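Undergrad: Below are the structure tokens for one structure; questions will follow.
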Amino acid sequence: MNQKKETMWRMIKFTLFSVSAGIIQIGSFALLHDALGMRPYWIPYLISLVLSVLWNYTFNRKYTFRSNDDVRRGMLLVALYYLVFTPVSTWGGQLLSNAGVHDWLVQGINMLVNFVTEYLFQRFVIYRNSLDSAVKSKSGQ
């Protein structure tokens, strides 16, 4: 497959796995925020974010970026990304919520920003040197 098609297919896979992670995040946020009444906003947001991150990283590593790079290294880099993203999105989300923006709209904004920035971080930082390495090692390249 040529580079352009491979990049497009990789973005499609990332999007599909992100949608599945989004379902986990929305489902767990709804359960905690709406069904259980957990407040303030940041508590159910943070729990649902962690659940979706674990899901998303696992599947994107194996199927989207097809990397056989060290899992601990990858998870450390993901943790560093979220060390920045989580407080910024939690703080910003709480500010928006306090300003009267509906919590579900805040959740959607955070998820969209996360989707774009996490793809870029994973593609160009985490898997920069190990992209498709699992496939290459199986074929003997």
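Undergrad: Could you say which residue among Ser89, Ser28 is buried (at least 16 other Cβ atoms within 10 Å of the Cβ) and modelled with pLDDT of 95 or more?
TA: Details: Ser89 fails: modelled with pLDDT of 95 or more.
Within the list Ser89, Ser28, the selection yields Ser28.
Undergrad: Among the candidates Arg39, Arg73, Arg61, Arg66, which residue alone is surrounded by 19 or more Cβ atoms within 10 Å (Cβ to Cβ), of a type in the set (Lys, Arg) and more than 19 Å from Thr117 (Cβ to Cβ)? Please lay out each step first, then the result.
TA: Working: Arg39 fails: surrounded by 19 or more Cβ atoms within 10 Å (Cβ to Cβ); Arg73 fails: surrounded by 19 or more Cβ atoms within 10 Å (Cβ to Cβ); Arg61 fails: more than 19 Å from Thr117 (Cβ to Cβ).
Step by step, each of Arg39, Arg73, Arg61, Arg66 is checked, and only Arg66 is surrounded by 19 or more Cβ atoms within 10 Å (Cβ to Cβ), of a type in the set (Lys, Arg) and more than 19 Å from Thr117 (Cβ to Cβ).
Undergrad: Restricting attention to the stretch 35-47, does a residue exist that is modelled with pLDDT of 95 or more and aromatic (Phe, Trp, Tyr)?
TA: No, the stretch 35-47 contains no residue that is modelled with pLDDT of 95 or more and aromatic (Phe, Trp, Tyr).
Undergrad: Ok, one more. If you go through the stretch 105-133, how many residues are surrounded by 16 or more Cβ atoms within 10 Å (Cβ to Cβ) and more than 16 Å from Phe14 (Cβ to Cβ)?
TA: 4
Undergrad: Determine if the stretch 113-122 includes at least one residue that is more than 18 Å from Gln25 (Cβ to Cβ) and either among the polar types (S, T, N, Q) or at pLDDT below 95 (or both). Walk me through it before giving the result.
TA: First, the residues of the stretch 113-122 that are more than 18 Å from Gln25 (Cβ to Cβ): 120.
In the following step, the residues that additionally are either among the polar types (S, T, N, Q) or at pLDDT below 95 (or both) were identified as none.
No - not one qualifying residue is present in the stretch 113-122.
Undergrad: Further question on the same structure: Of everything in the stretch 25-62, what is among the charged types (D, E, K, R), part of a helix (DSSP H, G or I) and without any contact (Cβ under 8 Å) to a residue 12 or more places away in the chain? Give them in sequence order.
TA: Asp34
Undergrad: Within the stretch 2-24, is even one residue on the phi < 0 side of the Ramachandran plot, surrounded by 16 or more Cβ atoms within 10 Å (Cβ to Cβ), free of Cβ contacts under 8 Å to residues at least 24 places away in the same chain and of a type outside the set (A, V, I, L, M, F, W, C)?
TA: Taking every residue of the stretch 2-24 in turn, none turns out to be on the phi < 0 side of the Ramachandran plot, surrounded by 16 or more Cβ atoms within 10 Å (Cβ to Cβ), free of Cβ contacts under 8 Å to residues at least 24 places away in the same chain and of a type outside the set (A, V, I, L, M, F, W, C).
Undergrad: Kindly check whether there is at least one residue in the stretch 71-82 that is over 23 Å from Phe124 (Cβ atoms) and in a helix (DSSP H, G or I). Spell out how you get there, then give the answer.
TA: Here is the first cut: in the stretch 71-82, the residues over 23 Å from Phe124 (Cβ atoms) are none.
Checked against the condition, which is being over 23 Å from Phe124 (Cβ atoms) and in a helix (DSSP H, G or I), the stretch 71-82 yields no hits at all.
The values are calculated or read from the model by the stated rules, or taken from the named source; none is laboratory data. Everything numeric here is computed off the predicted structure, so don't read it as measured data. Cβ: placed from backbone, ideal geometry, glycine included. Neighbour counts: every protein chain shown.
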